[in-house]
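Report on one structure; see the data block that follows.
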Amino acid sequence: MRIEVTRDLDLIATLMEHPDLYNRITDDHSYGLRGQELLDHLESRKDWSLYLKVTHEQEVVGFFECVEIEDGSLDMHPNFLKKSRGKLALQPGQMVRDMIFEHTQYSRLVAKVPSKYLDVLKYATKIGFKLDHMVEKAFIKNGIEYDMYYLSLEKGVK
C-alpha cells in the first residue's frame with residue numbers, strides 16, 4: 001500500500017466521477033459537478049485542500065481529500081473504489097491519520113458521515129474517530145433526508 005500527496009486534479013476528478021464513488025460523494029445540493037466544472041471547483045479549493053492518493057499493487061484504488069477548515073483542522077474524506085473498501089482501506093486510513101499528525105501542523109481531523117453510509121461511520125471509528133454529535137435530516141439524497149454524524153479525532157487522544 002502506498003500513500004502519496006498528489007496535485008493531479010485531473011486524476012482526483014476522474015476518481016470522483018468514477019461510478020463507484022460519484023453517487024456516494026454527492027448529495028442533492030452538489031449533484032451535477034462533472035468535467036470542466038468539477039475541475040474548476042477543485043482548482044478553486046486547491047490552496048486549502050490536500051489530496052493523498054492510495055495505490056495498491058501499482059493501481060490507484062482511492063484517495064483522501066483533506067480540506068482545511070477555519071479552526072486549523074482538516075475535514076477528512078476517504079474515497080475508495082469498491083474493490084478496496086473494507087479491510088483493505090483500514091491500513092491507508094491509519095497511515096494517513098499518522099502522516100497528518102506526524103508531518104503537519106494539524107492536530108485535529110473531523111468528518112461528517114450521513115446515516116445512509118453506516119459502513120463509512122464504522123470505518124471512521126475503526127481508525128479512531130469519535131462521535132461528537134448528530135444532526136437530524138441534515139443530508140438529502142434522492143429526496144430522502146438522512147441524519148448526519150459529526151466525528152473528530154485529535155492527535156494524542158485515544
Subset of the stretch 134-158, residues of a type in the set (A, V, I, L, M, F, W, C) and not in a loop (DSSP other than H, G, I, E, B), comes to MET134, VAL135, ALA138, PHE139, ILE140, ILE144, MET148, LEU151, LEU153
Residue list for the stretch 26-39, filter: in a helix (DSSP H, G or I) and either basic (Lys, Arg) or surrounded by 13 or more Cβ atoms within 10 Å (Cβ to Cβ) (or both) = LEU38, LEU39
Subset of the stretch 9-25 [touching a residue at least 40 places away in the same chain (Cβ under 8 Å), part of a loop (DSSP other than H, G, I, E, B) and either loosely packed, with under 13 Cβ neighbours inside 10 Å or out of contact with any helix residue (DSSP H, G or I) (no Cβ under 8 Å at 6 or more places or on another chain) (or both)] = HIS18
Residue satisfying condition, being hydrophobic (A, V, I, L, M, F, W, C) and either modelled with pLDDT under 95 or part of a loop (DSSP other than H, G, I, E, B) (or both), within set LEU109, LEU131, LEU121, LEU88 | LEU88
Criterion: in contact with a Phe, Trp or Tyr (Cβ under 6 Å, 6 or more places away or on another chain) and of a type in the set (Lys, Arg) - qualifying residue of LYS53, LYS83 = LYS53
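Listed here are the residues, each with its yes/no results for (1) surrounded by fewer than 18 Cβ atoms within 10 Å (Cβ to Cβ); (2) more than 24 Å from ILE144 (Cα to Cα).
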| residue | (1), (2) |
| --- | --- |
| GLY86 | yes, yes |
| PHE101 | yes, yes |
| LEU109 | no, yes |
| PRO114 | no, no |
| LEU118 | yes, no |
For GLN36, indicate whether it is without any contact (Cβ under 8 Å) to a residue 24 or more places away in the chain and not β-branched (Val, Ile, Thr).
-> yes
Being touching a residue at least 24 places away in the same chain (Cβ under 8 Å), over 28 Å from SER44 (Cβ atoms) and over 10 Å from the mean Cα position of the chain (by Cα) narrows LEU90, LEU118 down to just LEU90
If you scan the stretch 134-158, which residues turn out to be modelled with pLDDT of 95 or more, of a type in the set (A, V, I, L, M) and surrounded by fewer than 11 Cβ atoms within 10 Å (Cβ to Cβ)?
-> ILE144
Conditions: (1) within 12 Å of the chain's Cα centre (by Cα); (2) assigned to a helix (DSSP H, G or I); (3) of a type in the set (Phe, Trp, Tyr). PHE101 meets all but one. Number of the miss?
-> (1)
Would a scan of the stretch 39-59 turn up a residue that is touching a His at 6+ places or on another chain (Cβ under 9 Å), touching a residue at least 12 places away in the same chain (Cβ under 8 Å) and within 23 Å of PRO114 (Cβ to Cβ)?
-> no
Output the number of residues of the stretch 59-85 satisfying the condition of being within 15 Å of ALA13 (Cα to Cα) and assigned to a strand (DSSP E or B).
-> 11
Which members of the stretch 48-74 meet the condition of being acidic (Asp, Glu) and exposed (fewer than 15 other Cβ atoms within 10 Å of the Cβ)?
-> GLU57, GLU59, GLU70, ASP71
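The values are calculated or read from the model by the stated rules, or taken from the named source; none is laboratory data. On a predicted model such as this, the values are computed, not experimentally measured, just so you know. A quick note on method: Cβ atoms are made from the backbone with ideal geometry, for glycine too, and the neighbour counts reach across all protein chains shown.
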